[in-house]
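Here the structure comes first, spelled out in structure tokens, and everything after it is commentary.
The values are calculated or read from the model by the stated rules, or taken from the named source; none is laboratory data. This is a predicted model, so every value here is computed, not measured. So basically every Cβ, Gly included, is an ideal-geometry build from the backbone, and we count neighbours across all protein chains shown. For the accessible areas, the whole protein counts, side chains as well, though only heavy atoms, and no ligand, DNA or RNA atoms are used. Shrake-Rupley method; radii C 1.70, N 1.55, O 1.52, S 1.80 Å.
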Amino acid sequence: EGEPATSRCGFSRRITALLNEQNVEFTLLDILEDETVRQGLKNLNNWPTFPQLIINGEFVGGLDIVQDYGDDASSD
């Protein structure tokens, strides 16, 4: 929600930081710019909240899932 450096959502800032820490290349979409897109993504992915991580067109999850991946990677 917004640009990464000035995101209006703490969850979005956190997921951006986690991806950056792992040197993951990503693109983003400011869902606050278009309510139709925002609601469409909620319905398409059957996930009510944002951020939503989508890899190669497949919905992976939200911040909690990304944090779990990060926790698993750091315990290896």
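Before moving on, here are some points about what is shown:
- Filter pass, residue 56 being surrounded by 15 or more Cβ atoms within 10 Å (Cβ to Cβ), out of contact with any Leu (no Cβ under 7 Å at 6 or more places or on another chain) and modelled with pLDDT of 90 or more: no
- The set of residues in the range 15-28 that are over 16 Å from residue 60 (Cα atoms) and either touching a strand residue (DSSP E or B) at 6+ places or on another chain (Cβ under 9 Å) or open to solvent by 80 Å² or more (accessible area, probe 1.4 Å) (or both) comprises 20, 21, 22, 23.
- Close pairs from the range 50-76: first closer than 13 Å to residue 13 by Cα, partner modelled with pLDDT under 90 and among the hydroxyl-bearing types (Ser, Thr, Tyr), Cβ under 7 Å, at least 6 apart: 50/12; 51/12
- Of the residues making up the range 30-50, those that are in a loop (DSSP other than H, G, I, E, B) and either within 19 Å of residue 65 (Cα to Cα) or touching a Phe, Trp or Tyr at 6+ places or on another chain (Cβ under 6 Å) (or both) are 46, 47, 48, 49, 50.
- Looking only at the range 1-45, residues that are modelled with pLDDT of 85 or more and either in contact with a His (Cβ under 7 Å, 6 or more places away or on another chain) or of a type in the set (Lys, Arg) (or both) come to 4 in all.
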